[in-house]
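What follows is one structure encoded as C-alpha cells, with my remarks underneath.
The values are calculated or read from the model by the stated rules, or taken from the named source; none is laboratory data. What you see is a predicted model, and the numbers here were worked out from it, not measured in a lab. We place every Cβ from the backbone using ideal geometry, glycine too, and count neighbours over all the protein chains shown.
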Amino acid sequence: MRGFEVVSTKAQDGLNLPKRSTQSAAGYDFEASEDIVIPSATSNPFFKGLSILSLGKLKGVRDNTDLQNMLKPVLIPTGIKAYMAEGEYLQLVSRSSGPIKKRIMMPNAVGIVDADYYNNPSNEGEIFFQFINFGMKDVHIKKGERIGQGIFLPYLLADGDDSVTKASRQGGFGSTGQN
C-alpha cells in the first residue's frame with residue numbers, strides 16, 4: 001500500500017531506498033542522489049536577496065524576477081518517489097542534526113508529498129528536499145548522505161469535500177495551488 005521506488009532516470013545510479021534506522025523510528029531516512037553544494041549565508045542568493053530587501057539596496061537587481069530568483073532555496077534531489085494509499089501523504093522533515101551540525105534548515109519547515117505526485121508526467125514524482133544554509137561556510141552534501149526524513153501519515157477531509165470539483169495533477173514539484 002505504501003513504499004518507495006527509484007525514478008527511472010536514476011535506476012542505474014545505485015541509490016538506496018529510504019529506510020528507518022532504528023526499530024522505533026517514525027521517519028524513513030532519505031539520501032541525496034548526487035553531490036550538491038548549499039551556499040553559505042555569506043554567498044547564498046537567498047540571504048543576499050533578504051539583505052537587498054531589508055536594506056533597500058536594489059543595485060544590480062534588474063527587476064522583481066531577479067529578486068525572486070535570489071530568494072530560492074537549494075533543491076536536493078533524492079532520485080526516489082513514494083507511492084501510498086488514498087487518504088495518506090508523505091511528510092518531509094529535516095534531520096534533527098541539520099541545524100546543529102551543518103547549519104542547514106528547510107525554509108518550508110515541512111514538505112508535503114501528495115499521493116498523486118507519484119508518477120506525475122513532469123518528473124515521475126521524484127522527491128526533493130529544500131534547504132538554506134545559515135552558516136558561514138558552504139555545506140557540501142555527498143551522494144548517499146542522509147538529508148531528511150519522510151513519515152507516512154493519514155489525513156482527514158472536511159464535510160462536503162467530495163462535492164468540490166478538483167483538478168487532476170499535471171505537474172511535478174510545486175505544481176498544486178498555482179493561483
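I'd like to check something: does segment 124-138 contain any residue that is crowded, with 17+ Cβ neighbours inside 10 Å, at negative phi, in contact with an Asp or Glu (Cβ under 8 Å, 6 or more places away or on another chain) and not aromatic (F, W, Y)?
No, segment 124-138 has no match at all.
Please go through segment 105-137 and pick out each residue that is more than 13 Å from the chain's Cα centre (by Cα), in contact (Cβ under 8 Å) with a residue 60 or more places away in the chain and within 22 Å of E34 (Cα to Cα).
Residues satisfying the conditions are N123, E124, N133, F134, G135, K137.
Residues that are of a type in the set (D, E), at pLDDT 75 or above and under 28 Å from G87 (Cα atoms), at least 1 per element: which strands (runs of 3 or more DSSP E) completely within segment 1-65 meet that?
Passing ranges, in order: 3-6, 28-31.
Would you check if G144 is assigned to a strand (DSSP E or B), modelled with pLDDT of 95 or more and among the small types (G, A, S)?
No.
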